[in-house]
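Inspection log for the structure reproduced underneath, given as structure tokens.
The values are calculated or read from the model by the stated rules, or taken from the named source; none is laboratory data. Here the structure is a predicted model, which is why all the values come from computation and not from measurement. All Cβ positions, glycine included, derive from the backbone under ideal geometry; neighbour counts span all protein chains shown.
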């Protein structure tokens with residue numbers, strides 16, 4: 001009788017046990033696969049969001065760098081462009097100044113403007129595109145389609161600071177649009193002091 005029990009135990013798993021183990025293994029593999037796919041989708045959405053935010057931030061940073069040394073700035077009436085002048089430099093790299101110690105313009109008009117969904121810089125070397133996919137509606141407004149001005153000067157006759165806002169949009173892999181939005185106020189350092 002002991003030999004009959006021993007041989008019965010050594011025969012292996014029954015068909016029912018194999019089926020149950022297969023079903024459990026399938027659920028574990030399927031759950032792992034779904035978690036992996038979900039993680040990849042989240043990562044992709046995050047990367048797309050970072051890319052479009054980087055477009056907006058990078059554009060505002062380029063504009064801010066160009067305007068930090070500006071001394072005379074005129075913003076277009078529609079807020080979609082501006083013209084600026086920078087101080088003339090001496091051979092040693094310092095600014096040329098007038099008798100009152102104020103910087104003197106180099107006399108070259110430069111422009112930053114929006115055209116056909118692009119932000120463009122125009123200087124003596126020509127026109128270069130610094131941003132694409134720029135839209136003129138702000139998705140963060142009520143209704144998601146409020147118009148905004150890219151360049152907003154301070155109140156008053158002399159422009160001493162400019163608020164720059166850029167909204168970009170890209171179509172993502174899931175065919176929805178991702179928006180990036182960056183806003184920064186730039187203080188002009190070389191504006192002539194009119195109180196002297």
Item to complete: Take region 64-81 and flag every residue that is in contact (Cβ under 8 Å) with a residue 24 or more places away in the chain, under 16 Å from residue 114 (Cβ atoms) and part of a loop (DSSP other than H, G, I, E, B).
Response: 76, 78, 79, 80
Discussion item. Regarding region 32-46, can at least one residue be identified that is more than 30 Å from residue 177 (Cβ to Cβ), out of contact with any helix residue (DSSP H, G or I) (no Cβ under 7 Å at 6 or more places or on another chain) and at pLDDT 90 or above?
Written reply: yes
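The rows are residues; the columns are (1) farther than 19 Å from residue 54 by Cβ; (2) in contact with a helix residue (DSSP H, G or I) (Cβ under 6 Å, 6 or more places away or on another chain); (3) at pLDDT 90 or above.
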position: 83; (1), (2), (3): yes, no, yes
position: 93; (1), (2), (3): yes, no, no
position: 111; (1), (2), (3): yes, no, yes
position: 128; (1), (2), (3): no, no, yes
position: 156; (1), (2), (3): yes, no, no
position: 179; (1), (2), (3): no, no, no
Worksheet item: Do the conditions hold for residue 183, that is, is it in a strand (DSSP E or B) and either touching a helix residue (DSSP H, G or I) at 6+ places or on another chain (Cβ under 8 Å) or at pLDDT 90 or above (or both)?
Response: yes
Worksheet item: Within region 112-126, how many residues turn out to be under 17 Å from residue 70 (Cβ atoms) and touching a residue at least 24 places away in the same chain (Cβ under 8 Å)?
Response: 4
Item to complete: Determine which single condition residue 84 fails, assuming it passes every other condition in (1) surrounded by 15 or more Cβ atoms within 10 Å (Cβ to Cβ); (2) free of Cβ contacts under 8 Å to residues at least 40 places away in the same chain; (3) farther than 16 Å from residue 164 by Cα.
Response: (3)
Worksheet item: Does residue 173 qualify as being in contact (Cβ under 8 Å) with a residue 60 or more places away in the chain, surrounded by fewer than 17 Cβ atoms within 10 Å (Cβ to Cβ) and over 20 Å from residue 61 (Cα atoms)?
Response: yes
Fill in: Condition met for residue 118 (within 19 Å of the chain's Cα centre (by Cα) and modelled with pLDDT of 90 or more)
yes
